[in-house]
Amino acid sequence: MLDIKQIRKEFPALRNQIYVNCAAAGPFYEELLEWRQERELDLFLKASDDFVAGRKVIGNTRLELSAFFNCKLHQVSLVPSFSYGMGMVVPGLQEGQNILLIKEDYPSLLWPFEKANHQLHFIELATNLEERIKTAIKEEGITVVAVSLVQWLNGFMLKPSFFVELKELYPEVLLLVDGTQYCGAYPLDFEASKIDVLLASGYKWMLGGYGNGFILFSNEAEKWLKTTNFGFGSVEGDFDKKGEVSFNKFFEPGHLDSLAFGTLGFSTRWLNSLGKDNIANQNKVLSSYAFEQFSTLGLLEAQVLNRSEHSTIFSISGDETLFKELLSKGVVCSMRGGRIRFSFHFFNTLEDITEIINLLKKVM
C-alpha cells in the first residue's frame, strides 16, 4: 500500500496547485532531481572520460525496462521519443499492408502510415471498440493493427488482455501498440501481452523527463520489420561487432544521452520500488471516483460512459473560458480536442478530485 502523503512530499509541483496533467507531462520528484544533478556534475567534470560510465547508465536503463515490462534485454530499443520510434518502425514494414487505425488516435501514430504505401482502414472510437476491431480484421483482411492502449484525448482504454485474445484469433496479424498513455500508470507484462511492437515516450506516466522513450519487440517482430538504420551507436563503438548487431540495436544508430535515458531508468526503478500493483490500485481508485463524479455532472462522452473500466484520463465538456478559470484556481490541466482534459496519477488524491468537482459546480 502506498503512503500517498509521504510520496506527495517528493513532488514540488503538487505543493501549491492541483497537478492533474500527466497525460501532458509527468512532474519531477526530489530523489530524481538529486540523481540528475549528480549525473550532470559527472558530465561537467569528466567530459569524455565519462563515456564508459555513461554507457553503464544506459545499460542499467535497459535492464530496468526489461524487468519492469517482463521482456528480454534484446527486445528493448532505446529511442528519443515515441514519434521518433514510429518514424523508424513504419518504414520498416513491407509495402502493401492492410493497416487498421482508430480515426481519433494520436497523430504521431497515424501520420507515419499516411506517408507510406499501405492500405489504411479507419474505425471510429466507440464503446464496443474491441468488437469493431475484430470485425474489421475479419472483413477487411487486416494485416497490421496499430492502436493506442489509452486514447490521448479522452482516456478510453484497451486492456492488454485484449491483445492476447486478438493474437489467439488472428496469430498472423502484427499488433503495433502505443503505450505512452498507459505505461507507468498500469502494469504491463510484455511477454504475456502478445503485443508485437510496443512504443512509448517516457516523459508522461513513467516520470522520466523529456528526450527518452523505448520500443519493445516480440520475437516475431523481426520477421515483419526491415530497417536500414545502422550506425556506430549500434555497435557501441566497437568495430569488431559490425557483423553481429542484434535486431534491437538497429534502432539505436547513434549515441544515446545518458542523462535523459538515465532519468528514465531511475524513474523506472523508483516506480518498481513503489510496486506496480500498488500504483495501479491507487489509479483505479482515482479513476472510479472521478468517473462517478464527472458522469453525475453529465460531463463525459457517450463512448466512455458504458465502459467497464476507464483510465485516469478524463475529457469533459468545457470551453476556453472554463479552462482559464481552472488554471487561475491552480488546477493544472490541458485543453485537447475542444474539451478539457484531466489526468490523474497515483500521487493525486480523492480530495484533489473533489476540489475540482466543487470548482466546476461553482463556475459552470
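Taken over segment 309-364, the ratio of Cα radius of gyration to 2.2 N^0.38 Å equals 1.08. GNM remark for the chain: springs join alpha carbons under 10 Å apart, and the peak mean-square fluctuation among G338, G184, G208 falls on G338. Within the accessible area of the chain, the carbon and sulfur atoms contribute 51%, probe 1.4 Å, all protein chains present. Pairs exceeding a 30 Å alpha-carbon distance, out of K159/K329; K204/K329; K167/K276; K9/K194; K194/K249: K159/K329; K9/K194. Remark: the chain carries 44 Å² of accessible area per residue (probe radius 1.4 Å; ligands, DNA and RNA excluded).
Once C-alpha pairs closer than 8 Å and six or more residues apart are averaged by separation and normalised to the residue number of segment 112-221, the relative contact order reads 19 percent.
Please give the net charge around F342, taking every other residue with its beta carbon less than 11 angstrom from that of F342, where Lys and Arg add +1 and Asp and Glu add -1.
It works out to a net charge of +2.
Computed on the Cα atoms alone, the convex hull of segment 1-97 gives a volume of 192 cubic angstrom per residue.
Working from Cα pairs under 8 Å separated by at least six residues, relative contact order for the chain is 24 percent.
Report the far tail of the P(r) of the chain, meaning the percent of Cα-Cα pairs longer than 39 Å. The calculated P(r) of the chain puts 16 percent of pairs beyond 39 Å.
Applying the criteria of a DSSP loop state and at most 15 other Cβ atoms within 10 Å to the GluC sites (Glu not before Pro) of segment 279-323 yields E309.
The values are calculated or read from the model by the stated rules, or taken from the named source; none is laboratory data. Nothing here was measured: the structure is a model prediction, and the numbers come from that model. For neighbour counting, all protein chains shown are included, and Cβ atoms are generated from backbone atoms with ideal geometry for every residue, glycine included. SASA here: full protein model, heavy atoms, side chains in, ligands and nucleic acids out. Shrake-Rupley method; radii C 1.70, N 1.55, O 1.52, S 1.80 Å.
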